[in-house]
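K.L.:
I have a structure I would like to understand better, so I am pasting it below and will then ask my questions one at a time.
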Amino acid sequence: QLVSTELSSYNFPENFVFGVATAAYQIEGAFNEDGKTDSIWDYNLHKKPDWVIDQGNGDVACDSYHKWEEDIQLIANLGVDFYRFSIAWTRIFPSGYAGSKINDAGVIYYNKLIDGLLAKGITPMVTIYHWDLPQNLQRNGGWMNETIVDNYVFYARTLFELYGDRVKHWITFNEPFQICESGYSETDLAPFLNDSGVGGYICAHNLLISHGRAYREYERTFKQNQGGKVAITAHSFWFEPQGESDSDRAAAERAMQFWYGWFMHPVIKGNYPPIMIERIDEISQKEGFQKSRLPKFTEGQIEMIRGSFDFIGVNHYTTALASISNNFNEPSFYFDGGVNRTEDSNWVKSSTSTWLNKVPWGLRKLLNWIKQEYNNPPVLITENGWSSSTGLEDSRRVSYLNEYLSELLKAIHEDECNVIGYTHWSLLDNFEWLKGYTARFGLVEVDFNNPDRTRTPRKSYGVYQKIISSRKIN
Ligand code: PNW
């Protein structure tokens, strides 16, 4: 693998947009203020703080519920075109249910935020769901109960009604894989259900139907008047074959289909990837299941979900190596996929996020794979970033940013990949899920020991600022 340290001298195209991202539970705090109820994160971390490495939680986080004006100033000074943030379902509908009482204080908070952004010329981009399900709905099984679909679609529709006059960019879900596989089949994210080989698939099924219905609702009722766009964001590694063998190549392609195609194949091409359907049907049968552990869509659902996007949101951080695996002792996504995931020891590793290596060329390969596989849809990078520890001289984040953007430019100019914009994760250091406050993703450092949650821009903040204003890598 060729590693070039030469940065690209291409310019970013005229219409290319830059942004920065956060998520409600990770920054807002004010977990019980103004009528907000517990999400699955509040509930689980209060019950068992040990889920998190430093026993942190989002009770206060960056206190952005109170410090949103300061956040807007930082975003404006950075010079980005848009700000991607998420709305907390529990602030809008404390009970979670469709048709339940709306919480005016929550509605007002996001009105202030949206209006404040627009006043500074920053485009708001809203993630409708970034992992913080109302705990009240989890009592009924959360994403594993199909009644979630009506509740989610009602919530999404309410946001279109409340904010759609000003918000023109909507992301229905952030990272279905993490919501479902990590949350329902494993114990990496709330609600920590650990229902291996079953829960994740049921969750994903209900989530995809929810996405499709929300997209169609917007299309039918709001699109003509509001003129906005609706998308879904999935996380994707680039999977590189571990070696040259056909079996490694096949494993890497299978990995792309299982990790990413699981969600994007239904949304772009209709239904789950054929390889997933075949393998899970066959393995389920061998295990003695009378039907596949992978649920089946009706023809109507396939058509409803197919084409439910105006652009593709891609969260990309890192690359992994794939080879074949036949290890198996219980029904599991990993056995279904038959993929063994490793990494190259030569890659530069993040000191605070064990899964994160700096592999810039992986982004270019991923963009080319998406172009081939899905017929070059418009792609917005909705997250990309590096995790450090504290300190303002974040030179590793600076080289990560420069090198990933350099590969992005090559994908646009040399490969004609249809990439429309880039979003850096994150504006601020924030609550990094099970890593608590130990893994810092911010362009801006936050002092979590200070009750004021003081914000200080890092070196990378200035570097990104200059990239945006000069429209090239410097
Ligand atoms: C994203 N992986 O999650 C989330 O959208 C953010 O909330 C989070 O803070 C950020 O990335 C940093 O972790 C990821 O397996 C989950 O490579 C999993 C992976 C990457 C990102």
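The values are calculated or read from the model by the stated rules, or taken from the named source; none is laboratory data. Values in this document were obtained by computation on a predicted structure and should not be read as measured data. FYI the Cβ positions are ideal-geometry reconstructions off the backbone, even for glycines, and counts take in every protein chain you see. Protein only, heavy atoms only, side chains kept; ligands, DNA and RNA dropped before computing areas. Shrake-Rupley method; radii C 1.70, N 1.55, O 1.52, S 1.80 Å.
K.L.:
Just give me the residues in segment 460-474 being away from the ligand (no atom under 16 Å from the Cβ) and in contact with a Lys or Arg (Cβ under 8 Å, 6 or more places away or on another chain), in sequence order.
P.N.:
N474
K.L.:
Another question, if that's okay. Please count how many residues of segment 69-119 are over 23 Å from the mean Cα position of the chain (by Cα), more than 16 Å from L133 (Cα to Cα), among the small types (G, A, S) and not in a helix (DSSP H, G or I).
P.N.:
Qualifying residue count for the region: 1.
K.L.:
Going by the structure shown, is F160 away from the ligand (no atom under 16 Å from the Cβ), crowded, with 19+ Cβ neighbours inside 10 Å and touching a residue at least 12 places away in the same chain (Cβ under 8 Å)?
P.N.:
Here the answer is yes, as F160 does meet what is asked.
K.L.:
What number of residues in segment 228-260 are polar (S, T, N, Q) and more than 16 Å from V379 (Cα to Cα)?
P.N.:
Total meeting the criteria: 4.
K.L.:
Being more than 8 Å from the ligand (Cβ to nearest atom) and among the acidic types (D, E) is the filter; apply it to segment 423-449 and report the residue that is surrounded by the most Cβ atoms within 10 Å (Cβ to Cβ).
P.N.:
Among those residues, the one meeting the criterion is D429.
K.L.:
So the check is Cβ under 6 Å with 6+ separation or different chains; which pairs have a first residue in segment 219-245 that's within 16 Å of the ligand (Cβ to nearest atom) and modelled with pLDDT of 95 or more and a second one that's charged (D, E, K, R) and outside any helix (DSSP H, G or I)?
P.N.:
Close Cβ pairs satisfying both conditions: A231/D310; H235/E175.
K.L.:
What number of residues within segment 52-68 satisfy the criterion of being in contact with a Phe, Trp or Tyr (Cβ under 9 Å, 6 or more places away or on another chain), open to solvent by 10 Å² or more (accessible area, probe 1.4 Å) and in a helix (DSSP H, G or I)?
P.N.:
The qualifying residues number 2.
K.L.:
Residue under question is D188, and the condition is that it be part of a loop (DSSP other than H, G, I, E, B) and more than 15 Å from the ligand (Cβ to nearest atom); does it hold?
P.N.:
Answer is no for this residue.
K.L.:
Can you tell me which of A76, A30, A21 is at pLDDT 95 or above and open to solvent by 10 Å² or more (accessible area, probe 1.4 Å)?
P.N.:
A76
K.L.:
Test of understanding: among E383, E407, which residue is open to solvent by less than 50 Å² (accessible area, probe 1.4 Å), within 16 Å of the ligand (Cβ to nearest atom) and under 20 Å from V463 (Cα atoms)?
P.N.:
When all the criteria are applied, what remains is E383.
K.L.:
I've got another one for you. Is there a residue in segment 263-280 that is over 27 Å from the mean Cα position of the chain (by Cα), at pLDDT 95 or above and not in a loop (DSSP other than H, G, I, E, B)?
P.N.:
Within segment 263-280, one or more residues are over 27 Å from the mean Cα position of the chain (by Cα), at pLDDT 95 or above and not in a loop (DSSP other than H, G, I, E, B).
K.L.:
Considering each residue of segment 320-351, count those that are open to solvent by less than 50 Å² (accessible area, probe 1.4 Å), within 16 Å of the ligand (Cβ to nearest atom) and under 27 Å from G200 (Cα atoms), and give that number.
P.N.:
Qualifying residue count for the region: 7.
Every residue, every condition in (1) in a loop (DSSP other than H, G, I, E, B); (2) within 16 Å of the ligand (Cβ to nearest atom); (3) buried (at least 24 other Cβ atoms within 10 Å of the Cβ), yes or no:
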position: Y129; (1), (2), (3): yes, yes, yes
position: N136; (1), (2), (3): no, no, no
position: N140; (1), (2), (3): yes, no, no
position: E146; (1), (2), (3): yes, no, no
position: N151; (1), (2), (3): no, no, yes
